[in-house]
Amino acid sequence: MHTVEKKYTFGVLTLSDKGSRGEREDTSGAYIKEKLLQSGYDFRSYSVIPDNKQRIVESLIELIDKQQIALVITTGGTGVSPTDITPEAMTEVIEKEVPGMAEAMRAASLLKTSRAMLSRGKVGIRGESLIINLPGSLRAARENLEVVLPVIPHALEKIMGGTSDCGID
Amino acid sequence: MHTVEKKYTFGVLTLSDKGSRGEREDTSGAYIKEKLLQSGYDFRSYSVIPDNKQRIVESLIELIDKQQIALVITTGGTGVSPTDITPEAMTEVIEKEVPGMAEAMRAASLLKTSRAMLSRGKVGIRGESLIINLPGSLRAARENLEVVLPVIPHALEKIMGGTSDCGID
Amino acid sequence: MHTVEKKYTFGVLTLSDKGSRGEREDTSGAYIKEKLLQSGYDFRSYSVIPDNKQRIVESLIELIDKQQIALVITTGGTGVSPTDITPEAMTEVIEKEVPGMAEAMRAASLLKTSRAMLSRGKVGIRGESLIINLPGSLRAARENLEVVLPVIPHALEKIMGGTSDCGID
């Protein structure tokens with residue numbers, strides 16, 4: 001249904017101290033990869049790194065500036081724990097914020113659990129790429145991805161300079 | 001229904017590369033002007049300028065600091081295209097952000113189309129003026145204006161130092 | 001119902017020019033204090049200070065860095081009046097923003113009154129403490145507190161480094 005016609009490249013970046021030490025299976029990252037493949041995106045990169053702000057910044061820049069990946073989905077590090085630093089790394093990486101995507105994900109999750117209001121994930125644009133922060137839990141990541149998946153192809157088309165009528169901008 | 005008692009001045013600033021070259025009719029800007037006139041506001045300025053960050057910053061400052069217009073409504077440049085730069089210009093102009101107005105516009109539009117989550121418009125205060133970014137499409141601009149119109153008179157009264165009970169602050 | 005098992009400390013900071021001069025009874029601050037006591041929190045501090053940005057910054061830092069209070073609830077100064085400066089003070093104090101809590105409070109209030117979109121309160125983390133801005137009016141403060149109260153214990157547990165499963169991060 002949301003299969004993309006043009007093959008956009010994507011990468012998954014999992015932020016997890018435990019995951020990076022091999023102490024926790026990355027079910028969320030695996031799910032996101034599978035879901036995007038099914039949706040017609042072109043897989044390019046997957047990695048698990050610790051919740052270190054500088055590492056996150058460098059990884060995102062590498063995926064976008066060097067590898068020129070169109071869509072980078074992160075999972076983890078969006079909560080309120082001392083280690084959760086993904087949104088702060090995003091602030092240093094993105095050139096434009098897309099607050100409505102983050103708001104829409106939280107609003108949808110809020111219908112399931114009030115704890116969704118603690119999710120601090122951001123969505124933003126760097127160059128011609130879109131970065132979306134999903135929560136680390138599989139259930140929350142799945143719910144959130146469901147919310148934004150329908151608009152990603154259009155977003156990427158516009159981000160890359162497409163001029164089709166958007167109806168919103 | 002939402003007719004303002006006190007006559008607040010307003011200006012419309014359309015951000016559009018095509019519009020500024022005369023290649024596209026500015027139906028949204030015309031609509032906004034008409035709607036605010038009908039609502040009892042006092043028209044002062046209308047212009048169409050290209051999606052150039054510095055130009056937008058200068059125009060907003062001119063309208064507010066020089067012309068002392070109370071309400072500036074922009075249309076266009078709120079999407080995710082490379083040229084869409086209105087929110088980034090706003091960041092340099094506004095002294096206080098009013099995130100709830102932007103959230104409310106997006107939430108209302110989201111009921112109509114999931115693409116509303118790509119709208120990045122901001123609302124903010126500079127001096128004693130309110131600046132509201134609306135999307136560029138006529139349909140979206142109309143829908144969004146409908147959402148904020150009822151609260152603008154009260155917002156302007158408070159921004160200008162009015163001390164009536166607000167019920168929210 | 002939302003009684004906290006572990007006793008978290010809390011402080012109430014009321015921002016009000018009139019209140020600080022003794023010209024206005026602080027019904028909101030009194031309500032917040034009473035409500036948190038009933039919910040099982042450990043009262044530590046209550047003060048009323050004027051809407052002065054530097055004073056607010058200093059007070060918040062004092063409550064958190066010196067007094068090590070876990071939860072600081074402010075009331076007032078979140079509107080669009082020239083004196084309303086609480087969100088701007090927050091920007092200088094918080095290390096991490098929790099936008100979802102502010103969004104959820106506004107979304108809930110919006111069901112009651114469209115003026116809720118003018119509420120500019122922020123929620124954020126400094127060190128191991130959570131700061132929540134509530135509006136100044138008793139009705140709005142009560143409504144907003146109701147929205148966030150259920151998630152505060154979990155938020156504080158995580159902020160302090162607790163590792164229980166959150167379901168969202």
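Taking only protein heavy atoms and a 1.4 Å probe, the accessible area of segment B:1-125 is 47% carbon and sulfur. Remark: the protein assembly as shown carries 40 Å² of accessible area per residue (probe radius 1.4 Å; ligands, DNA and RNA excluded).
With a Förster radius of 30 Å applied to the C-beta separation of B:GLU25 and B:GLU128, the computed FRET efficiency comes to 0.35. Total buried accessible area between A and C, probe 1.4 Å, nearest 100: 1900 Å². Put simply, the Cα atoms of the protein assembly as shown extend 65, 63, 32 Å along their principal axes, the longest span coming first.
Taking segment A:135-162 and a reference point 7 angstrom along Cα→Cβ of A:GLN38, the backbone N atoms nearer than 13 Å belong to A:142-143, A:145-146. Translational diffusion of chain A was estimated from the Stokes-Einstein equation, with Rh taken as the Kirkwood radius over Cα pairs; at 10 °C and 1.306 mPa s the coefficient is 101 µm²/s.
The mean number of partner chain beta-carbon atoms within 10 angstrom of a residue's beta-carbon across peptide B:146-159 is 3. Across peptide A:81-94, the average count of Cβ atoms from other chains found within 10 Å of a residue's Cβ is 3. Only helical runs count toward this figure. For the protein assembly as shown, summing -39,500 (n - 2.57) over DSSP H runs of n ≥ 4 and dividing by all residues gives -11000 deg cm²/dmol at 222 nm. Per residue of A:118-127, other chain Cβ atoms within 10 Å of the residue Cβ number 5 on average.
Under Stokes-Einstein, with the Kirkwood radius over Cα pairs standing in for Rh, what whole-number D in µm²/s applies to segment A:1-51 at 37 °C and 0.692 mPa s? Approximately 283 µm²/s, per Stokes-Einstein.
The values are calculated or read from the model by the stated rules, or taken from the named source; none is laboratory data. Model, not experiment: these values are computed from the prediction. We place every Cβ from the backbone using ideal geometry, glycine too, and count neighbours over all the protein chains shown. To get the accessible areas, we keep the full protein, side chains included, count just its heavy atoms, and leave off ligands, DNA and RNA. Shrake-Rupley method; radii C 1.70, N 1.55, O 1.52, S 1.80 Å.
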